[in-house]
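Asker: The structure's right below; bear with me while I get my questions together.
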Amino acid sequence: MVKGHIEMFKKSLLFQMIMVQFTIDKGDFEGFLRKVIEKYDLIGPVEGDKSKLRRKSLFRKIVSPDELFLEKKTYFPVKGYFFDPKETLFEFDGDKIIDPKIELKKKVFFGLRRCDLNGIMHQDMVFLDENEDPFYKARRDASFLIGLHCNEGDDYCFCNSVELKDFFDLMFYDKGKEYAVEVGTKKGEEFIKKFSGVFKKKDKIITEEDRKIRNKKKLDTLDIKDNYDDDSWKKGSDLCVGCGACTLLCPNCHCFTIEDEVNFDLKTGKRVRKPASCQLRHFTRVAGDHVFRNEKLARFKHRIYHQIQYFKDRHEEVFCTGCGRCIEGCPARIDWVKIINEMK
Ligand code: SF4
Ligand code: SF4
């Protein structure tokens, strides 16, 4: 069981400050963001644009506050900012190992939804608590997380079914003419002090009603341990084309593969880490061409069991954050929540 990060987070002085609340007028919001942009890289959600390569909403560096798209969660998750799609772990020249330099500008993320934030919390459990990864740590140390609470879910998400935690430096709640802001960490408290001109302290401004999220979709049970042999899983795996879009879009999935790229001199090269997907047949292929999960059914079930059961067995947290991105983005329109709900 590894739960150091979340335990530390809960016990910290900062976590106890979660009740500290502020407001910021919407009239001051744009000016506040402009000041943030002067000091940091601001990363926020932007709408998809069919005329450009990015056809779906995603997180991107914001140059002007009017670029922000705050209507709903993004189609793509934010995880690309914490993992390089081709991370050079080290270079080598004969016996000599050359470590890469990790230098990052501080980034403020704005508009993260609870599903995104809990995804980051789960990555922290794996890449900070379980085995500290210097690349991930450097990016997390340089990041400041501002959430935006969803009042309404979309057609795909079911976050109320998966026990999400409060995990943020600051959380914004839209209250019409103003945002209410909740402080989650010491970093959050210090950030508020830096911009004290625009934030007004107002205790108990956030009501239980403000904290609610109205989901259209529901996962009826998180207990699937006795359903492994249920034939209903085939409703999903028979349609699955093994593209891996579900794991790419998932804010939690973080599996990777490591390759050595050797130059023609057979002396120099580098070791790189790239994302991988449990939905691809070769993911469990080993020497002798043995494939541990050779059947699509086994791969499909593995993904769902990891999301709902295996991670929880190890870390006491449900991995899935209920964002529904894997359902929205699946080319075969496989709805695994519906499959579970319909199991007898
Ligand atoms: S996105 Fe859909 S079709 Fe593609 S691997 Fe995942 S479940 Fe299968
Ligand atoms: S498994 Fe699907 S619904 Fe759950 S967090 Fe991943 S993408 Fe979202």
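Asker: Please tell me if H306 is within 12 Å of ligand 2 (Cβ to nearest atom), open to solvent by 20 Å² or more (accessible area, probe 1.4 Å) and either in the same structural domain as L128 (by TED's automatic domain parsing) or in a helix (DSSP H, G or I) (or both).
Answerer: So H306 fits the description; yes.
Asker: Of the residues F311, F300, only one is of a type in the set (A, V, I, L, M, F, W, C), touching a His at 6+ places or on another chain (Cβ under 9 Å), surrounded by 19 or more Cβ atoms within 10 Å (Cβ to Cβ) and assigned by TED's automatic domain parsing to the domain that holds A245; which?
Answerer: Matching residue, one of F311, F300: F311.
Asker: From the residues in segment 167-202 that are of a type in the set (G, A, S) and within 20 Å of L70 (Cα to Cα), which one is most open to solvent (accessible area, probe 1.4 Å)?
Answerer: G176
Asker: Hey, K216 hits all of (1) within 16 Å of ligand 1 (Cβ to nearest atom); (2) open to solvent by 50 Å² or more (accessible area, probe 1.4 Å) but one; which does it fall short on?
Answerer: So the condition that K216 fails would be (1).
Asker: Could you give every pair whose Cβ atoms fall below 8 Å, whose first residue belongs to segment 35-60 and is without any contact (Cβ under 8 Å) to a residue 60 or more places away in the chain, and whose second residue is assigned to a helix (DSSP H, G or I), counting only separations of at least 6 or pairs across chains?
Answerer: Close Cβ pairs satisfying both conditions: I37/P65; V46/E67; F59/G80; F59/Y81; R60/E67.
Asker: Tell me which residues, restricted to segment 309-329, are touching a Cys at 6+ places or on another chain (Cβ under 6 Å) and within 16 Å of ligand 1 (Cβ to nearest atom).
Answerer: C323, G324, C326
Asker: Now for a different question. How many residues does segment 276-297 contain that are under 16 Å from K234 (Cβ atoms) and within 25 Å of the chain's Cα centre (by Cα)?
Answerer: So the answer is 1.
Asker: Can you name every one of the strands (runs of 3 or more DSSP E) wholly within segment 71-119 that holds 2 or more residues which are in contact (Cβ under 8 Å) with a residue 60 or more places away in the chain and charged (D, E, K, R)?
Answerer: 87-93
Asker: Have a look at V291, V337 and point out the one that is open to solvent by less than 40 Å² (accessible area, probe 1.4 Å) and in contact with a His (Cβ under 8 Å, 6 or more places away or on another chain).
Answerer: V291
Asker: Within segment 128-136, can one find any residue that is among the hydroxyl-bearing types (S, T, Y), farther than 22 Å from C320 by Cα and crowded, with 19+ Cβ neighbours inside 10 Å?
Answerer: no
Asker: Taking the condition surrounded by 18 or more Cβ atoms within 10 Å (Cβ to Cβ) and not in a helix (DSSP H, G or I), does C330 pass?
Answerer: yes
Asker: Within segment 278-296, can one find any residue that is under 22 Å from I120 (Cβ atoms), modelled with pLDDT of 95 or more, of a type outside the set (S, T, Y) and within 16 Å of ligand 1 (Cβ to nearest atom)?
Answerer: Yes, segment 278-296 contains a residue that is under 22 Å from I120 (Cβ atoms), modelled with pLDDT of 95 or more, of a type outside the set (S, T, Y) and within 16 Å of ligand 1 (Cβ to nearest atom).
Asker: Show the residue pairs that are 6+ apart or on different chains and have beta-carbon atoms under 9 Å apart, the first residue being within segment 240-251 and assigned by TED's automatic domain parsing to the domain that holds C278, the second being outside any loop (DSSP other than H, G, I, E, B) and within 6 Å of ligand 1 (Cβ to nearest atom).
Answerer: C240/C246
The values are calculated or read from the model by the stated rules, or taken from the named source; none is laboratory data. These numbers come from a predicted model, not from an experiment. Please note: Cβ atoms are built from the backbone with ideal geometry, for glycine as well, and neighbour counts cover all protein chains shown. For accessibility, only protein heavy atoms count, side chains too; no ligands or nucleic acids. Shrake-Rupley method; radii C 1.70, N 1.55, O 1.52, S 1.80 Å.
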